[in-house]
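Everything below concerns the one structure shown next.
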Amino acid sequence: MGLTSSYTSSPVGRLIVSAGPDLASLDRWIREFARVIEVHQGFLTELDSAIGDADHGTNMRRGMSAVVTSLDAAAARSESPETALAMFKSVGMTLVSTVGGASGPLYGTFFLRMATASGDVVAMSATEFATVLQAGLAGIVQRGKPEAGDKTMYDSLLPACTALDASLAAGLDLDQALTAASAAADAGRDATTSMQAHKGRASYLGERSIGHQDPGATSAALLVAAAVTAFRQPE
Amino acid sequence: MSPQPLVGIVVVSHSWALAQAAVALAHEMAPDPRLRVSMAAGLDTTTFGTDAARISQAIIEADAGAGVVVIMDLGSAVLAADLALEFLDEELRNRVLLCAAPMVEGLIVAAVTAAGGGDRREVAAEANNALAAKRVQLNLPSPEVVAPESISASQQDAGAVATFIVENRQGLHLRPAAQLVQLVRSLDANVTLINRTTGVGPVPASSLSRVETLGALAGHLIEVNATGLEADKVIAQIVSMAAHRFHAPNATTDQRPKAARPPTDSVERRIGIGPTQRLTVPSELVVAGTPTQDAEQEWLVLTQAVSAVQIKVQSVREQAAVELGEHQATIFDAHLMLLDDPALLDDVRDRINAGEPAASAWAGGIATIRSRFEALPDPYLRARAADVQAVGDDVLRALLGTDSETRQDTRSSTAASILIAADLTPAEVVGLDVAQVIAIVLADGSPTDHSAILARAKGIPLLNGMGSHVLTIPDGTLVALDTVTRELVVDPSATILESFRNRALTANQAYETARTRSAAAAITSDGLQIQVGANLASLDDALAAATSGADEAGLVRTEFLFLDRSAAPDVDEQARAYLELASAMGGRRLTLRTLDVGGDKPLGYAPTPAETNPFLGLRGLRLSLAQPELIADQLLAIVRTAHDTPVSVLFPMVSTVNELMQARQLLDSAIARDGRGLPQGFTVGIMIEVPAAALKAAAFAPYVDFFSIGTNDLTQYTLAAQRGNRAVAAIADPLDPSVIRLIDMVCHAAGDKPVAVCGELAADAAATSLLVGLGVRALSVVPNAVPTIKQSVRAVNSIRARELADRAIDADGADAVRTLFVDPN
């Protein structure tokens, strides 16, 4: 995808439009996502019990707590991931094996695609981060084949990625762009309430799925919000 | 037998238990040991979920080179399987098909098609059609059925035609249809079926899902059309199979060939009534010390003889597979393996090179192997010595040119009769015509040898070990026999005949009832649940046990992993084998007995000192403690397995508490080596086989979770009489009050620790009430006996049984005990 090689092979003299996340902030992002999932676990499960099988909160918490455990264990052995590729891959594989429900392969694919798109780098520019996020989103499309309006995680991630790209193109820095993306994700999440589900177990409910906020879109909005918090932290 | 690898199958499910049960069902329908069905189900045995990494691992395990078809349950299973493909290397990924079939129906159809040698596209296409039969039955319009092969008009015109009437009570349902499809797929012919009664068809007979759509019910007329090289052969075999109601592989299930038997006097395999007919004794095989030609010439002669016998055994095997099912036919795989055994052939080659003639070299090689089996303490495995001798003799006959003297129908009359012989080889039993043979009476043999097992599978009542005097009964004498009471009545009176006929009718009804209730728990009339488990010595046993409703594997004879090889299986191989057993048993508890060998070096890689009396020597746990390397690895494999599936460990031949403490230390080391702590639900027990252990049961009790009484050895050691020795066999009666008193002592000393019985006594329906009365709470028996023993538990009243047991302890002999329980008034 070009971005990796251009950055690593000729770092000097390369024009960085806007500073992006480094390994430490990516690590904070993952941990912040785990924290907010923990906090919202009950809420996510409650949403899922209305239109699904009441396990989204439990499944995501199990997966993200396994991710943190594995990051901690690696750190204790002084084997923390040394590149964005390694970090995202480790997160993706852990989710795949521990989440259990449909979110496992979906979030798993999201992180695995971000790993491939990042490549062996320790830091990336804001636009590179946006591209990486787009690759993750494309993975979700490939895996789950969602369309906008199907009442899925895609309904918050797609507007988030679009807003991020547009904001960066308009010259905003990463923090501002991510704040806009998070707002778009939240709006997308809220819009799922009036949608009828066309994917997953909620689709069995047909019209009765209308009137409930989608748990997948909710956790995905938390993921974007977690990036705002994590990347903003000093250090 | 096609050398091509089979397509593998992976089952992806949210639930471990669901997948386990589905896989067990599929194995039952397609009991081909070459078929690989792996599962990736649940996050663990209790948490629902799917795991893409595990799915990719399962695909790797299932692939034997012909590719893999993946069958999934709901939504996320599909997403996870899709993702799993990304984790595979491209070469393998191109051989994997994700299949949209409904899980249970699709899996079974896929398993049968894969076992029949279908390629992965056929397997997936067949599975995708799996709902067709259900739709036909429910009178729903059929969706587009994807025909894996088209039927052209010309194929229907030429070739062979025949019809048969469906005799199976439930019609041509899944199991018989699967048998038919496998037969058709094994031959070179295009076969189609038409249901002439309903007009449905033609459908290709090689497609299980299509055959099922025939809606062939009992009494329907089915037309078979075949073209191709083996058209006539396939037609003949289908018609023959139909007459035998498409035998299922397991003789315990519902297709015993009753229809082909004379309708009177042999309703059930328990009773036989008819005139006797003695089989001639084959001429003694004299291995003369003929001067040897050159060694090369002798070796050539030998290899030709071995090849000739291989061809013969292969054809017997094929016959057994068609008539008795694959499960029974595997007995002959062991024969073929022996003829191909490099250790045996090397040994014989060495003898020939040293100047021995071919016949004597072969006889010597066979004798060595036979003595290894005879030295095994376990009677089940010991009985394989007879197989070795039988195959060995076949080769000798070929070498000595007396091949034609084998006993092929030397009987003078063709009327149905009761055969009397000194012994029969497994091949001879397969060759018997069930329409001609009412029952078999043998002077030699044991109930566990393969001839007896095959006779039971053919539905022929068999009494063996009856002593040489049965050989003196003149031909044509009317006899009546009962295999349960082991009675043989010569010239029975009218009253006795009437009573035997009644027993036959009652036995038949009782067996039918038992079979229909085999999966239910065995609960006494006053509400006490008794675990009825199965004794296993192979993966086939485990499959049979699951079919016959066993609650657990009450005894796994792990020796089967260690025999016939040049080095011990390593920890991984053992753990894998134990997990396979657990999987075949649908995740039911495995009681793994540690290696129980001894005597004259049965294991080449673990030599033991020569002993004058191996029965009183270094065997069982004694040998394991003397040479702890083997058991240390075995315990590690057992502990590992116990983390994945419910497991108990059982130490054999324990005599002193000190031995048990040493064994427990080895177990503790194994748990430490594994590093994951004590597995959940892991329990430790000892075999009570030695009177000393029974007498000291109270001293053992604090250190065990359960006791398992091996009544075979306990009887032999208590009465100092070996059962294999015809002269003293009658003394070695497990119902002797001395043995009963020892069982009673163990039950008392055990307190609340459960006591099981895993010897042959447990499989004796007449003894069930006695054992329950004594306080035994678990019985473990040969897989086929599970339904009968469960049913006999249901007839027990434990309070009444306790009273009778007290009287049995004080009885003066085994006959008095038997009278007490056969006629308790």
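If I go through the range A:49-74 residue by residue, how many of them are free of Cβ contacts under 8 Å to residues at least 12 places away in the same chain and either within 14 Å of chain B (Cβ to nearest Cβ) or of a type outside the set (D, E, K, R) (or both)?
4
Of the residues that sit in the range B:210-244 and are of a type outside the set (Val, Ile, Thr), modelled with pLDDT of 80 or more and within 27 Å of the chain's Cα centre (by Cα), which one is surrounded by the fewest Cβ atoms within 10 Å (Cβ to Cβ)?
B:240
Any chance you could count how many residues in the range B:401-424 are surrounded by 15 or more Cβ atoms within 10 Å (Cβ to Cβ) and modelled with pLDDT under 80?
Adding up the residues that qualify gives 5.
Quick check on the range B:633-645. Is at least one of its residues crowded, with 17+ Cβ neighbours inside 10 Å, over 26 Å from the mean Cα position of the chain (by Cα), modelled with pLDDT of 90 or more and small (Gly, Ala, Ser)?
Looking for residues that are crowded, with 17+ Cβ neighbours inside 10 Å, over 26 Å from the mean Cα position of the chain (by Cα), modelled with pLDDT of 90 or more and small (Gly, Ala, Ser), one finds none in the range B:633-645, hence no.
(1) modelled with pLDDT of 95 or more; (2) surrounded by fewer than 16 Cβ atoms within 10 Å (Cβ to Cβ): which one isn't true of residue A:16, the others all being true?
(1)
Out of A:150, A:175, report the one residue that is acidic (Asp, Glu) and in a helix (DSSP H, G or I). Write out each step before concluding.
On the way: A:150 fails: in a helix (DSSP H, G or I).
The conditions single out A:175.
I'd like the full set of residues that are at pLDDT below 90 and of a type in the set (Val, Ile, Thr), limited to the range B:61-80.
The answer is B:78, and nothing else.
For every residue, the table says whether it meets (1) hydrophobic (A, V, I, L, M, F, W, C); (2) at pLDDT below 90; (3) within 33 Å of the chain's Cα centre (by Cα); (4) assigned to a loop (DSSP other than H, G, I, E, B).
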| residue | (1), (2), (3), (4) |
| --- | --- |
| B:20 | no, yes, yes, no |
| B:27 | no, yes, yes, no |
| B:32 | no, yes, yes, yes |
| B:39 | yes, yes, yes, no |
| B:43 | yes, yes, yes, yes |
| B:55 | yes, no, yes, no |
| B:112 | yes, yes, yes, no |
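With respect to residue A:56, determine if the residue is modelled with pLDDT of 90 or more and in contact with a Pro (Cβ under 8 Å, 6 or more places away or on another chain). Even if it seems obvious, please write down each step before you answer.
Values: modelled with pLDDT of 90 or more: yes; in contact with a Pro (Cβ under 8 Å, 6 or more places away or on another chain): yes.
Taking the combined requirement at face value, the residue satisfies it.
Counting only residues that are more than 8 Å from chain A (Cβ to nearest Cβ) and assigned to a helix (DSSP H, G or I), how many does the range B:80-96 have?
Here the count works out to 7.
Of these, B:354, B:329, B:295, B:321, which one is surrounded by 16 or more Cβ atoms within 10 Å (Cβ to Cβ), of a type in the set (A, V, I, L, M), more than 27 Å from residue B:538 (Cα to Cα) and out of contact with any Phe, Trp or Tyr (no Cβ under 7 Å at 6 or more places or on another chain)?
Values: B:354 fails: surrounded by 16 or more Cβ atoms within 10 Å (Cβ to Cβ); B:329 fails: more than 27 Å from residue B:538 (Cα to Cα); B:321 fails: more than 27 Å from residue B:538 (Cα to Cα).
Sole residue among the options that is surrounded by 16 or more Cβ atoms within 10 Å (Cβ to Cβ), of a type in the set (A, V, I, L, M), more than 27 Å from residue B:538 (Cα to Cα) and out of contact with any Phe, Trp or Tyr (no Cβ under 7 Å at 6 or more places or on another chain): B:295.
Which one is nearest to the chain's Cα centre (by Cα) among residues in the range A:25-48 that are farther than 18 Å from residue A:216 by Cα and of a type outside the set (Ser, Thr, Tyr)?
Residues of the range A:25-48 farther than 18 Å from residue A:216 by Cα: A:25-29, A:31.
Among the residues that remain, those that are also of a type outside the set (Ser, Thr, Tyr) are: A:26-29, A:31.
Working: A:26: 11, A:27: 13, A:28: 13, A:29: 9, A:31: 12 Å.
For the range A:25-48, the residue satisfying everything is A:29.
For residue B:442, are the conditions met, namely being under 19 Å from residue B:382 (Cα atoms), buried (at least 20 other Cβ atoms within 10 Å of the Cβ) and at pLDDT 85 or above? Quick ask: steps written out before the conclusion?
On the way: under 19 Å from residue B:382 (Cα atoms): yes; buried (at least 20 other Cβ atoms within 10 Å of the Cβ): yes; at pLDDT 85 or above: yes.
Yes: the conditions hold for residue B:442.
Among what's in the range B:544-582 and is under 30 Å from residue B:791 (Cβ atoms), of a type in the set (Val, Ile, Thr) and in a helix (DSSP H, G or I), pick the residue that is modelled with the lowest pLDDT.
Once the filter is applied, the top-ranked residue is B:547.
Sort out which residues of the range B:26-69 are more than 13 Å from chain A (Cβ to nearest Cβ) and hydroxyl-bearing (Ser, Thr, Tyr), and write them in order of number.
Listed by number, the residues that qualify are B:38, B:45.
Suppose we filter the range A:51-81 for residues that are within 20 Å of residue A:106 (Cβ to Cβ) and of a type in the set (A, V, I, L, M, F, W, C); how many remain?
Of the residues in that region, 7 qualify.
In the range B:245-265, is there at least one residue being small (Gly, Ala, Ser), at pLDDT 60 or above and outside any loop (DSSP other than H, G, I, E, B)?
Initially, the range B:245-265 is screened for residues small (Gly, Ala, Ser), giving B:248, B:251, B:259-260.
Those left that are additionally at pLDDT 60 or above: none.
No, the range B:245-265 contains no residue that is small (Gly, Ala, Ser), at pLDDT 60 or above and outside any loop (DSSP other than H, G, I, E, B).
May I ask you to say which residue of B:103, B:72 is hydrophobic (A, V, I, L, M, F, W, C) and away from chain A (no Cβ under 14 Å)?
The conditions single out B:103.
How about the range B:130-174: which of its residues are assigned to a loop (DSSP other than H, G, I, E, B) and at pLDDT below 50?
Within the range B:130-174, B:144, B:145, B:146, B:147, B:148, B:149, B:150, B:151, B:152 meet the criteria.
Picking from A:205, A:172, A:158, which residue would you name as being more than 14 Å from chain B (Cβ to nearest Cβ) and either closer than 21 Å to residue A:102 by Cα or touching a Phe, Trp or Tyr at 6+ places or on another chain (Cβ under 9 Å) (or both)? Outline the logic, then answer.
Values: A:205 fails: more than 14 Å from chain B (Cβ to nearest Cβ); A:172 fails: either closer than 21 Å to residue A:102 by Cα or touching a Phe, Trp or Tyr at 6+ places or on another chain (Cβ under 9 Å) (or both).
It is A:158.
Does any residue of the range B:550-560 turn out to be in contact with a strand residue (DSSP E or B) (Cβ under 8 Å, 6 or more places away or on another chain) and of a type in the set (Lys, Arg)? Full working, then the answer.
If we filter the range B:550-560 for residues that are in contact with a strand residue (DSSP E or B) (Cβ under 8 Å, 6 or more places away or on another chain), which is where we start, we get B:550-558.
Going one step further and asking which of them are of a type in the set (Lys, Arg), we end up with B:557.
The answer is yes; a qualifying residue exists.
Restricted to the range B:751-763, and to residues that are over 18 Å from residue B:528 (Cα atoms) and in contact (Cβ under 8 Å) with a residue 40 or more places away in the chain, which residue is surrounded by the fewest Cβ atoms within 10 Å (Cβ to Cβ)?
This residue is B:760.
Pairs under 6 Å by beta carbon, first residue among the acidic types (Asp, Glu) in the range B:36-52, partner surrounded by fewer than 24 Cβ atoms within 10 Å (Cβ to Cβ), six or more apart or different chains?
That search, which allows pairs on different chains as well, returns B:51/A:97.
The values are calculated or read from the model by the stated rules, or taken from the named source; none is laboratory data. Everything numeric in this text was worked out from a predicted model, so none of it was measured. Neighbour counts run over all protein chains shown; Cβ positions are idealised from the backbone, glycine included.
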